[in-house]
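K.L.:
Submitted below is the structure of interest, expressed as structure tokens.
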Ligand SMILES: [Zn+2]
């Protein structure tokens, strides 16, 4: 597969999963972002800034290298530094998804770690840690990448959740499982 083919197929996958995230209410408006690491060290495909994940087209996907240079496309997501840091520090990472979902955000406003009591959720997620945030875009990247090195899905308090996996499907499943677990725990407390 050439670099071009690799980018095109990653771009198609990002468009497809953006629609899934939107349909499952895991993202709203122009929040959230996604990326895929391309094979052969040819960088990443990442959503452009100020795009809605539910309505992406191939023009909304940017090809950039791991050092931050744009190879093709417009302006990448403002979180591209975080995405690139994940791929540079966590070698098995193949994809990253970040969303601002309702129940995960609500749960972590009230609580620290999420320890799901539903056994399936506990099996899939384990304990989900939270990293405090004070800025709109993640600026203190170190603690976030450290948390992601130990857990495939984490939460950024006052902001949203972040999953890394071998591909977008794994990230999507983790974020859906987190949203489900957060909703169950909130309902159980009310
Ligand atoms: Zn965000």
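K.L.:
Scan region 85-101 for residues that are assigned to a helix (DSSP H, G or I), more than 9 Å from residue 164 (Cβ to Cβ) and in contact with a helix residue (DSSP H, G or I) (Cβ under 8 Å, 6 or more places away or on another chain) and jot them down.
P.N.:
As a first pass, look at region 85-101 and keep what is assigned to a helix (DSSP H, G or I): 85-89.
Pick out the ones that are also more than 9 Å from residue 164 (Cβ to Cβ) and you get 85, 88-89.
85, 89, listed by residue number.
K.L.:
Six or more apart or on different chains, Cβ atoms under 6 Å: show the pairs whose first residue is in region 126-151 and in contact (Cβ under 8 Å) with a residue 40 or more places away in the chain and closer than 21 Å to residue 87 by Cβ and whose second is more than 16 Å from the ligand (Cβ to nearest atom) and in a loop (DSSP other than H, G, I, E, B).
P.N.:
Between residues of region 126-151 that are in contact (Cβ under 8 Å) with a residue 40 or more places away in the chain and closer than 21 Å to residue 87 by Cβ and residues that are more than 16 Å from the ligand (Cβ to nearest atom) and in a loop (DSSP other than H, G, I, E, B), the close pairs are 149/90.
Listed here are the residues, each with its yes/no results for (1) within 18 Å of residue 168 (Cα to Cα); (2) modelled with pLDDT of 95 or more; (3) within 14 Å of the ligand (Cβ to nearest atom).
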{"position": "38", "(1), (2), (3)": "yes, yes, no"}
{"position": "62", "(1), (2), (3)": "yes, yes, no"}
{"position": "69", "(1), (2), (3)": "no, yes, no"}
{"position": "91", "(1), (2), (3)": "yes, no, no"}
{"position": "109", "(1), (2), (3)": "no, yes, no"}
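K.L.:
So, one more: For region 122-138: of the residues being modelled with pLDDT under 95 and exposed (fewer than 11 other Cβ atoms within 10 Å of the Cβ), which is nearest to the ligand (Cβ to nearest atom)?
P.N.:
136
K.L.:
Take the residues in region 44-65 that are more than 17 Å from the chain's Cα centre (by Cα) and part of a loop (DSSP other than H, G, I, E, B), then tell me which one is farthest from residue 89 (Cα to Cα).
P.N.:
So the residue we want is 57.
K.L.:
So residue 63 fits all but one of (1) within 27 Å of residue 158 (Cα to Cα); (2) in contact (Cβ under 8 Å) with a residue 40 or more places away in the chain; what number is the exception?
P.N.:
(1)
K.L.:
Tally time: how many residues in region 105-118 are in a loop (DSSP other than H, G, I, E, B), out of contact with any strand residue (DSSP E or B) (no Cβ under 7 Å at 6 or more places or on another chain) and surrounded by fewer than 18 Cβ atoms within 10 Å (Cβ to Cβ)? Step through it out loud before you land on a result.
P.N.:
Quick first cut of region 105-118, residues in a loop (DSSP other than H, G, I, E, B) only: 111-113, 115-118.
Remaining after also requiring out of contact with any strand residue (DSSP E or B) (no Cβ under 7 Å at 6 or more places or on another chain): 111, 115-118.
Filter once more, so that each one left must be surrounded by fewer than 18 Cβ atoms within 10 Å (Cβ to Cβ): 111, 115, 117-118.
Of the residues in region 105-118, 4 are in a loop (DSSP other than H, G, I, E, B), out of contact with any strand residue (DSSP E or B) (no Cβ under 7 Å at 6 or more places or on another chain) and surrounded by fewer than 18 Cβ atoms within 10 Å (Cβ to Cβ).
K.L.:
Please enumerate the residues belonging to region 18-43 that are free of Cβ contacts under 8 Å to residues at least 60 places away in the same chain and either within 24 Å of residue 103 (Cα to Cα) or over 14 Å from the mean Cα position of the chain (by Cα) (or both). Write out each step before concluding.
P.N.:
Keep residues of region 18-43 that are free of Cβ contacts under 8 Å to residues at least 60 places away in the same chain, which gives 18-19, 22-23, 29-30, 37-43.
Result: 18, 19, 22, 23, 29, 30, 38, 39, 40, 41, 42, 43.
K.L.:
Another question about this same structure. Please tell me if residue 121 is assigned to a loop (DSSP other than H, G, I, E, B) and within 22 Å of residue 168 (Cβ to Cβ). Let's see the steps before the verdict.
P.N.:
Numbers: assigned to a loop (DSSP other than H, G, I, E, B): no; within 22 Å of residue 168 (Cβ to Cβ): yes.
No, not satisfied.
K.L.:
Okay, moving on. Tell me which residues, restricted to region 139-151, are within 15 Å of the ligand (Cβ to nearest atom) and touching a helix residue (DSSP H, G or I) at 6+ places or on another chain (Cβ under 7 Å).
P.N.:
141, 144, 148
K.L.:
I've got another one for you. Any residue at all in region 167-178 that is in a helix (DSSP H, G or I), touching a helix residue (DSSP H, G or I) at 6+ places or on another chain (Cβ under 6 Å), farther than 18 Å from residue 77 by Cβ and more than 15 Å from the ligand (Cβ to nearest atom)? Break it down stepwise before answering.
P.N.:
Kept after step one, since they are in a helix (DSSP H, G or I), are these residues of region 167-178: 168-178.
Checking the rest, the ones that are also touching a helix residue (DSSP H, G or I) at 6+ places or on another chain (Cβ under 6 Å) come to 168, 172, 177-178.
Those still in the list that are farther than 18 Å from residue 77 by Cβ too: 177-178.
Filter again for more than 15 Å from the ligand (Cβ to nearest atom), leaving 177.
Scanning region 167-178 turns up at least one residue that is in a helix (DSSP H, G or I), touching a helix residue (DSSP H, G or I) at 6+ places or on another chain (Cβ under 6 Å), farther than 18 Å from residue 77 by Cβ and more than 15 Å from the ligand (Cβ to nearest atom).
K.L.:
Failed condition for residue 52, given (1) modelled with pLDDT under 95; (2) surrounded by 14 or more Cβ atoms within 10 Å (Cβ to Cβ), with all others met?
P.N.:
(1)
K.L.:
A follow-up question, please. Scanning region 152-166 for residues that are in a loop (DSSP other than H, G, I, E, B) and within 15 Å of the ligand (Cβ to nearest atom), which turns out nearest to the chain's Cα centre (by Cα)? Before you say what the answer is, go through the steps one by one.
P.N.:
Our first condition is that a residue be in a loop (DSSP other than H, G, I, E, B); within region 152-166, this holds for 152, 157-159, 166.
The next check asks that each one be within 15 Å of the ligand (Cβ to nearest atom); those that pass are 157-159.
Working: 157: 14, 158: 15, 159: 12 Å.
It comes out as 159.
The values are calculated or read from the model by the stated rules, or taken from the named source; none is laboratory data. Owing to the predicted nature of the structure, the values given are computational and were not obtained by experimental measurement. Methodologically, a virtual Cβ is constructed for each residue, glycine included, from the backbone with ideal geometry; neighbour enumeration extends over all protein chains shown.
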